[in-house]
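Enquirer: Please see the structure below; I have some questions.
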Number of protein chains: 2
Amino acid sequence: MADSVALDPVDLHILRLLQNDARSTYRELAAEVGVAPSTCLDRVTRLRRSGVILGDQLRLDPAKLGRGLQALLLVQVRPHRRELIGPFVERVRALPESRALFHLTGPDDYLVQVAVADTADLQRLVLDEFTSRREVARVETRLIFQQWDCGPLLPPGEPVRP
Amino acid sequence: MADSVALDPVDLHILRLLQNDARSTYRELAAEVGVAPSTCLDRVTRLRRSGVILGDQLRLDPAKLGRGLQALLLVQVRPHRRELIGPFVERVRALPESRALFHLTGPDDYLVQVAVADTADLQRLVLDEFTSRREVARVETRLIFQQWDCGPLLPPGEPVRP
DNA sequence: CATGAAAGAAATTCGAT
DNA sequence: ATCGAATTTCTTTCATG
């Protein structure tokens, strides 16, 4: 399920174009790649079914929705046992403030990216949803000054390892 | 530009639906929300122009593209001055391995999420692109065991702060 | 697998309200 | 601002190579 998939140059070209603009039409893709629109549809359908393309996500601006402050929370969960971390993960994922959650190596077990209205809202979140929980041993809060999207996962010209 | 935007219940309903499925048609949105498809188009166009909707992103599975290992790099840049960090940020953004970049408060100035093939690839990346740079004072590498998407930024029923 | 033509569906325009 | 009908454009199917 997580194994590499065979991708030919047409697939790679299509993926690069869709990473630049996920709303490209099959007609546009076809014109750029040099195949028929129906072939593009076929390729994209296959890429979706094979799991290379996971889906389309709408990107919203949190600041425009009254969530102008973002932070990363480094969380230690103790004891770090399955029966505790399962519910912890699900609870954090369900918080409306949560944007992403990582299970990490290193001194902090989890990293949570959150979007909140202001520092008071952040304080409430940390106190009520994290430090007040018995399984949470420690929370370190780091504000996000700025964030950047990076280039496409498949940069132009890079081959894919088989 | 980062100020909150006035959103009425129709806008919120549309945003919630599009967060669940960014590929919903205006016809589908219209049926759910209770307005005409052309009105939905109008609303969504407006939401895009006002910056609430930033765009659509294609989500790819890094593992299927030969990048089965992800990590977070906590980076100290010294001295932390504008003439150094501008180029640093642009260089990191341009790396094909980079997925996201944050400027943070706290002891580490930057956090970089990277996707690589394996630990050897990660070692090469850290040594060649980070620790070998003069402006990089320290890099702490943490592997990502697992990551989760979180719920929508706009959960059902939540009002938006004005 | 890829194609082009045809059919079906969606996006978009626009005059009216 | 919204509507709905008309138009344009896209998506999808499918018989064929």
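Enquirer: Using each residue's phi in region A:147-152, evaluate 6.51 cos²θ - 1.76 cosθ + 1.60 at θ = phi - 60° and report the 3J(HN,Hα) Karplus result to the nearest Hz, with x for Gly and Pro.
Expert: 9, 10, 7, 9, x, x
Enquirer: Please report the relative contact order for chain B, taking Cα pairs under 8 Å with a sequence separation of at least 6, and give it as a percent rounded to a whole number.
Expert: 26 percent
Enquirer: Okay, next question. For B:96-107, what's the mean count of beta carbons from other chains sitting within 10 Å of each residue's beta carbon?
Expert: Taking all residues of B:96-107 together, the mean is 6.
Enquirer: Within the accessible area of the protein assembly as shown, what % is carbon and sulfur when the probe is 1.4 Å and the other protein chains stay in place?
Expert: In the protein assembly as shown, the share of accessible area belonging to carbon and sulfur is 52 percent.
Enquirer: Right, next: Using the crude model of +1 on Lys and Arg Cβ and -1 on Asp and Glu Cβ, and no other charge, please compute the dipole size for chain B relative to its Cα centre, in debye to 20.
Expert: Dipole about the Cα centre, nearest 20: 320 debye.
Enquirer: Under a 5 Å amide H to amide H cut-off, with H placed in plane at 1.01 Å, what residues pair with A:Gln70 once short-range neighbours are removed?
Expert: Placed amide hydrogens put A:Val116, A:Ile144 under 5 Å from A:Gln70.
Enquirer: Tell me which DSSP H helices of chain A clear both cut-offs, 15 Å or more of axial length from alpha-carbon atoms and a mean Kyte-Doolittle hydropathy of at least 0.0.
Expert: Working: long enough: A:9-20 (17 Å, 0.34); A:37-49 (18 Å, -0.85); A:82-94 (18 Å, -0.09).
Span-like helices, by this rule, are A:9-20.
Enquirer: Summing -39500 (n - 2.57) over the DSSP H runs of n ≥ 4 in chain A and dividing by its residue number, what mean residue ellipticity at 222 nm do you reach, to the nearest 500 deg cm²/dmol?
Expert: -10000 deg cm²/dmol
Enquirer: Counting partner chain Cβ atoms within 10 Å of every residue's Cβ in B:137-150, what's the average?
Expert: So the per-residue partner count for this stretch is 5.
Enquirer: So which residue, out of B:Val92, B:Val52, B:Val114, gets the largest mean-square fluctuation from a GNM of chain B using Cα contacts under 10 Å as springs?
Expert: Looking only at B:Val92, B:Val52, B:Val114, the largest GNM fluctuation is found for B:Val52.
Enquirer: Sticking with this structure for a sec: Using +1 on the beta carbon of Lys and Arg, -1 on that of Asp and Glu, and nothing else charged, what's the dipole of the protein assembly as shown about the Cα centre, debye to 20?
Expert: Numbers: 44 positive and 44 negative charges, 33 e Å.
With only Lys, Arg, Asp and Glu charged at Cβ, the dipole is about 160 debye.
Enquirer: Quick one: 3J(HN,Hα) in Hz for region B:59-65, Karplus 6.51/-1.76/1.60 with θ = phi - 60°, rounded, Gly and Pro as x.
Expert: Ordered by residue, 3J(HN,Hα) equals 9, 10, 8, x, 4, 6, 9 Hz.
Enquirer: Right, here's the next one. Amide H neighbours of B:Ala137 under 5 Å, at least 5 residues apart or on other chains, H built in the peptide plane: list them.
Expert: Under 5 Å from the amide H of B:Ala137: B:Gln76, B:Val77, B:Arg78.
Enquirer: Another question, if that's okay. Strictly greater than 20 Å: what percent of every Cα pair in region B:1-142 meets that?
Expert: Working: 6046 of 10011 pairs.
When all Cα pairs of region B:1-142 are counted, 60 percent exceed 20 Å.
Enquirer: State the Cα centre-to-centre distance between region B:32-111 and region B:131-149 in whole Å.
Expert: Comparing the Cα centres of region B:32-111 and region B:131-149, I get a distance of 17 Å.
Enquirer: Pop the C-beta distance of B:Glu32 and A:Ala31 into the FRET formula with R0 = 35 Å and round what comes out to the nearest 0.05. Write down the numbers at each step before the final one.
Expert: Numbers: r = 34 Å, r/R0 = 0.96.
With R0 = 35 Å, the Cβ-Cβ based efficiency is 0.55.
Enquirer: Then there is this: In whole Hz, what ³J(HN,Hα) sequence does region B:101-109 give by Karplus (6.51, -1.76, 1.60; θ = phi - 60°), x for Gly and Pro?
Expert: 9, 10, 9, 10, 7, x, x, 9, 6
Enquirer: Can you give the convex hull volume per residue for the Cα atoms of the protein assembly as shown, as a whole number of Å³?
Expert: 156 Å³
The values are calculated or read from the model by the stated rules, or taken from the named source; none is laboratory data. Small disclaimer: the values here were computed from a predicted structure and weren't measured. In this analysis, Cβ positions are derived from the backbone assuming ideal geometry, glycine residues included, and neighbour counts consider all displayed protein chains. Quick note on the areas: whole protein, heavy atoms, side chains included, nothing else; ligands and nucleic acids left out. Shrake-Rupley method; radii C 1.70, N 1.55, O 1.52, S 1.80 Å.
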